[in-house]
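Q: Let me give you the structure first, and then I'll get to my questions.
Coordinate-derived values only; no laboratory data. Bear in mind the structure is a predicted one, so any value in this text is a computation, not a measurement. Cβ: placed from backbone, ideal geometry, glycine included. Neighbour counts: every protein chain shown.
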Amino acid sequence: MTAASEALPPTPLPATRERLKTAVLVLLRLALGAVLFYAGFLKLRSGYSFAETIANFRLMPAQANQILAVVLPWCEVCAGLLLFFGVWVRAGGLLATLFFATFTAAILSALARGLDIECGCFGTDAATRVGLRALVVDILWLLAALAVLWLQPAARDSET
Amino acid sequence: MSPPAAASPGLLIRAQETSTWRAECLRALAVLAFAGALGLVVNRLIDKPVPLLSANGPGALPERATRISLPAFTTLLSSQKALLLLDVRTPAAFNREHAPGALNAPSDNFAAHYQELSLSAILQAAEEVVLLCESDDCPSADRVARFLRDLKHENVRVFEGGWGAYVKAGLQVERTAP
C-alpha cells in the first residue's frame, strides 16, 4: 500500500447501496413504529383485562402485573411514535428491542410450562393464543428492532 | 512534566460510540419514565382504574374452579336437569362455532355482560351451570366461576379441556354460515 492510498478517506458505499440501506431502515422503522403504536393503543382501552392476561403468564406478583398493565401500553405507544416519526430512532429501537425480547422470553417460558393462554400481544380482544406462531412473529419483530439499531447511524439520528 | 499520550483514532471512535450509546440509553429511560408517569396519571382519571397495589386485583391469578369431566358432562347432557352452558370465549370465537343452546357471556368485562343478559335470573333457574372456555388451562373461566361464586351461584363448573376437548369429543357444534 502506498502512502498516497493511506491518506485517502475510506471508500464510501456505492450510492445505490446507501439508498437501499436508507430505504430498508425507513421501511423497518415505519413498520415497527406502526405495530408498536397499534399494539399499545389496543391495550390502552382495556387495562383491567390486560392485567388479567399478564397474570395468566404466572411470572410476577399481582401488583407487578397491575402496574405493568397500566404502564406498558403507554411505553409501547411512545416508542412506536418515536420510530414512526423518526425522532430519537436509536432510543426507540432500544425500547422496541427490550419489549420484543421480553415478549419472546415470556412466550418461550409459557410454552416451556405448557400453558395454553391468550398472548395479549395485540390487546385482549384479538384472542391470539400463546404458541409457535406468536413466538415466530415476536422473534421477527425483535430482529426488525435489532436491524433498526444496526442500520441507524448515530450522526443522522432523527433524520431518516 | 511529560505531555499526555495521544489516543489512537480507534480508541477515540470507540469512546465516542460508547458515549453515544449511553446517551441513547438515557433517552430510552426518559421515554419509559414519561410514558410510565402518563399511564399512572391516566389510570387515576378513568372510570374503572386498575387497582395497582391490590393483592386481589385483576393481576392476581384466580384459584382453579371445579372441573367437569367429559363423561360427567355427557351424562349431564342426557339427564333431565336444567343445564346452562355459558360460553365465556370471545364473541368472534363463539360466532364461528358453539355448543347448541349455549349462551355467550365473554369473560372480558364479564360483570357488564352479567347485567346486560340478566344472568342472575337465568343462573338461578339453572340446576347446573357449565362454563366453556378456550382451553382447560383457561384462567378466564376460573375468574368467571369466582365472580359467580361470590354472587352465591354455587352450581358452577368449568368444562375440562375447554373448547378443544369439546370439539374433539365429537359433541354437537353449531357453526355460523360464512
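Q: What residue, among those in segment B:90-107 that are within 15 Å of residue B:135 (Cα to Cα) and out of contact with any Pro (no Cβ under 7 Å at 6 or more places or on another chain), is surrounded by the most Cβ atoms within 10 Å (Cβ to Cβ)? Let's see the steps before the verdict.
A: Kept after step one, since they are within 15 Å of residue B:135 (Cα to Cα), are these residues of segment B:90-107: B:90, B:93-94, B:97-99, B:106-107.
Narrowing the set further to residues that are out of contact with any Pro (no Cβ under 7 Å at 6 or more places or on another chain) leaves B:93-94, B:97-99, B:107.
Numbers: B:93: 17, B:94: 21, B:97: 14, B:98: 21, B:99: 20, B:107: 27.
If we take residues in segment B:90-107 being within 15 Å of residue B:135 (Cα to Cα) and out of contact with any Pro (no Cβ under 7 Å at 6 or more places or on another chain), then B:107 is surrounded by the most Cβ atoms within 10 Å (Cβ to Cβ).
Q: Could you grab me the full set of residues in segment A:45-76 that are surrounded by fewer than 24 Cβ atoms within 10 Å (Cβ to Cβ), under 16 Å from residue B:40 (Cα atoms) and touching a Ser or Thr at 6+ places or on another chain (Cβ under 8 Å)?
A: Within segment A:45-76, A:46, A:63 meet the criteria.
Q: Within the set of pairs 6+ apart or on separate chains, which have a first residue in segment A:105-116 that is touching a residue at least 40 places away in the same chain (Cβ under 8 Å), a second that is surrounded by 17 or more Cβ atoms within 10 Å (Cβ to Cβ) and outside any helix (DSSP H, G or I), and C-beta atoms under 6 Å apart?
A: Once the first residue is touching a residue at least 40 places away in the same chain (Cβ under 8 Å) and sits in segment A:105-116, its partners that are surrounded by 17 or more Cβ atoms within 10 Å (Cβ to Cβ) and outside any helix (DSSP H, G or I) give A:106/A:57; A:110/A:57; A:110/A:130; A:115/B:137.
Q: Hey, could you check segment B:134-170 for residues that are in a loop (DSSP other than H, G, I, E, B) and away from every other protein chain (no Cβ under 14 Å) and say which is farthest from residue A:55 (Cα to Cα)? Outline the logic, then answer.
A: If we filter segment B:134-170 for residues that are in a loop (DSSP other than H, G, I, E, B), which is where we start, we get B:134-138, B:151-155, B:160-161, B:169-170.
Adding the requirement that they be away from every other protein chain (no Cβ under 14 Å) leaves B:151-155, B:169-170.
Working: B:151: 23, B:152: 25, B:153: 25, B:154: 25, B:155: 26, B:169: 30, B:170: 32 Å.
This residue is B:170.
Q: Step by step: first the residues of segment A:77-93, then only those that are more than 14 Å from residue A:35 (Cβ to Cβ) and touching a residue at least 60 places away in the same chain (Cβ under 8 Å), then the one that is surrounded by the fewest Cβ atoms within 10 Å (Cβ to Cβ). Which residue is that?
A: Among them, the one singled out is A:87.
Q: Count, please, the residues in segment B:69-126 that happen to be more than 20 Å from the chain's Cα centre (by Cα) and on the phi > 0 side of the Ramachandran plot.
A: 2
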